[in-house]
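Here is the structure we will look at.
The values are calculated or read from the model by the stated rules, or taken from the named source; none is laboratory data. Quick caveat: nothing in here was measured; it's all calculated off a predicted structure. Here the Cβ is made from the backbone with ideal geometry for all residues, glycine too, and neighbour counts use every protein chain on show.
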Amino acid sequence: MWRFALLVCLLSSACWAQQPGDFLPAATNVWGADYPSVDRAGRVQFRVKAPAATQVKLNFWSGPKVDMVKQPDGFWTVTTAALVPGFHYYTLIIDGAEVSDTNSQAFFGAGKYASAVEIPEPGTTYYSINDVPHGQVREAWYQSQVTGGWRHALVYLPPNYDAQTKLRYPVLYLQHGGGEDETGWIRQGHANFILDNLIAGRACKPMILVMAYGYARRAGQPLPDLMGKPFGSPEMLRAVQEMASTFEDDVTQALIPYIDSTFRTIPDREHRAMAGLSMGGMQTFQVTLNHLGLFSYIGGFSGAGSFVLGDRRLDPKTDYNGVFADPAVFAQKVHLLWLGVGTQEPERMRTGLQRLHAALDDANIKHVFYESPGTDHEWQTWRRDLKDFVPRLF
């Protein structure tokens, strides 16, 4: 029980008020691992056993590689400068080989399992494990005629779902980003705790959350040969477009019918929303704007329209089959169009979303534009996005 209590403490800013100056095991560590350890300032101590190695580097994906120092006992150690609050992926480079840290849990990102360390944000508890009623996250497998196989999703059911058998719930379909998978919103994003806390505070309506695997290949379609093809090449763009089209068909033809037939949903467009981060935001725009008969709430977190628009400005009369051409008609169909971006995100990402925001303003399309202060293309941005988006639904 002490480890669970420590996890609760590490995910809560109260822990740091009680333990000033101490380094404590990160909430992202495996059971019993004392390192990485984090102090209240956000500094992290690492300690890795590699007695035969000649060089070990700490590799944060969002920053420079850091040399670790070999100790007489064969361990390599380093204490970092203060890191910004949030979730940080990292790996170790031991004599040139990139490996995970066995002290850390594994999280799927950039197409592989990697290590991570969580830096608590002072004064923030909205994604913490709090003493409130908790929902359940269940695994769901559904068969898709679109892909010709079994597909996987995680489904969050709100507190008391099983006890209140006569109640039906609205649904938010929430997508992960490129290189991540359907586990990301729970394991990295703590979406279940965010929903638990919002529901307990009566800040949002109880709802079902569906997080589906976002990659799809049409039945009978071979894998594209992208070996040696540069990023942004015509071959790669065609492959991405086909995957997006297949995923769109899977969501509308297989996933939604499965969810509506398996769980107590309110199965209409007025009670169905979709949002996603990065690649998931692009997918959300494609799926929802092509199927406004199914969705009436739309959210793009650090990604929306980038594949369709690229570096050009939105043309409301032609893009997305002209759904933005008549603002009055759009407002009748879409109850919420929400865009978000971190103020420290890469310039192309940030300016692209700012340009989309300005074009929607010029076209008199009612929408929300939110900028997360001081955050990059990262989970802290998307946690804040979800916290702002969800209370506006239904």
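Taking the numbered list (1) crowded, with 18+ Cβ neighbours inside 10 Å; (2) over 26 Å from Thr183 (Cβ atoms) in turn, Tyr90 passes all entries but (2). Pull out all pairs, ordered by first then second residue, where Cβ-Cβ is under 6 Å, the residues are six or more apart or on different chains, the first lies in region 112-141 and is within 27 Å of Gly179 (Cβ to Cβ), and the second is basic (Lys, Arg). If the second residue must be basic (Lys, Arg), the pairs left are Tyr126/Lys387; Tyr127/Arg383. Please give the number of the condition Arg384 fails out of (1) crowded, with 21+ Cβ neighbours inside 10 Å; (2) more than 20 Å from Leu209 (Cβ to Cβ); (3) not aliphatic (A, V, I, L, M). The number of the failed condition is (2). With the condition kept exactly as written, say whether any residue in region 322-329 is loosely packed, with under 14 Cβ neighbours inside 10 Å and either in contact (Cβ under 8 Å) with a residue 24 or more places away in the chain or not assigned by TED's automatic domain parsing to the domain that holds Leu386 (or both). There is no residue in region 322-329 that is loosely packed, with under 14 Cβ neighbours inside 10 Å and either in contact (Cβ under 8 Å) with a residue 24 or more places away in the chain or not assigned by TED's automatic domain parsing to the domain that holds Leu386 (or both).
A count restricted to region 59-87 and to residues that are touching a residue at least 40 places away in the same chain (Cβ under 8 Å), in a strand (DSSP E or B) and of a type outside the set (Gly, Ala, Ser) stands at 1.
Only one of the listed residues (Gln354, Gln380, Gln344) is without any contact (Cβ under 8 Å) to a residue 60 or more places away in the chain, assigned by TED's automatic domain parsing to the domain that holds Met211 and either β-branched (Val, Ile, Thr) or not in a loop (DSSP other than H, G, I, E, B) (or both). That residue is Gln354. Restricting region 211-266 to residues that are loosely packed, with under 15 Cβ neighbours inside 10 Å, farther than 21 Å from Ser278 by Cβ and of a type in the set (S, T, N, Q), which is modelled with the lowest pLDDT? This residue is Gln221. Here Asp260 clears all of (1) more than 30 Å from Lys166 (Cβ to Cβ); (2) among the charged types (D, E, K, R); (3) out of contact with any Lys or Arg (no Cβ under 8 Å at 6 or more places or on another chain) except the condition numbered (1).
Being touching a Gly at 6+ places or on another chain (Cβ under 8 Å) and not hydrophobic (A, V, I, L, M, F, W, C) is the filter; apply it to region 332-351 and report the residue that is surrounded by the fewest Cβ atoms within 10 Å (Cβ to Cβ). Among those residues, the one meeting the criterion is Thr343.
Close Cβ contacts (under 9 Å, 6 or more residues apart or on different chains) running from residues in region 193-220 that are within 26 Å of Arg151 (Cβ to Cβ) and in the same structural domain as Gly281 (by TED's automatic domain parsing) to residues that are crowded, with 22+ Cβ neighbours inside 10 Å and among the polar types (S, T, N, Q) comprise Phe193/Ser128; Leu209/Asn192; Met211/Gln175; Ala212/Gln175; Gly214/Gln175; Gly214/Gln283.
The sole residue among Ser115, Ser144, Ser128, Ser100 that is buried (at least 17 other Cβ atoms within 10 Å of the Cβ), touching a His at 6+ places or on another chain (Cβ under 9 Å) and polar (S, T, N, Q) is Ser128. Criterion first (under 13 Å from Leu339 (Cβ atoms) and buried (at least 22 other Cβ atoms within 10 Å of the Cβ)) does Gly276 satisfy it? Yes: the conditions hold for Gly276. The set of residues in region 311-341 that are part of a loop (DSSP other than H, G, I, E, B) and either at pLDDT 95 or above or touching a Cys at 6+ places or on another chain (Cβ under 7 Å) (or both) comprises Val323, Phe324, Ala325, Asp326, Val334, His335.
Of the residues making up region 93-111, those that are under 20 Å from Thr183 (Cα atoms), touching a residue at least 40 places away in the same chain (Cβ under 8 Å) and aliphatic (A, V, I, L, M) number 1. Sub-7 Å Cβ pairs linking a first residue in region 295-316 that is under 21 Å from Val329 (Cα atoms) and aromatic (Phe, Trp, Tyr) to a second residue that is part of a loop (DSSP other than H, G, I, E, B) and at pLDDT below 75, at least 6 apart or interchain, number zero. The set of residues in region 1-41 being modelled with pLDDT of 95 or more and within 25 Å of the chain's Cα centre (by Cα) consists of Pro25, Ala26, Ala27, Thr28, Asn29, Val30, Trp31, Pro36, Ser37, Val38.
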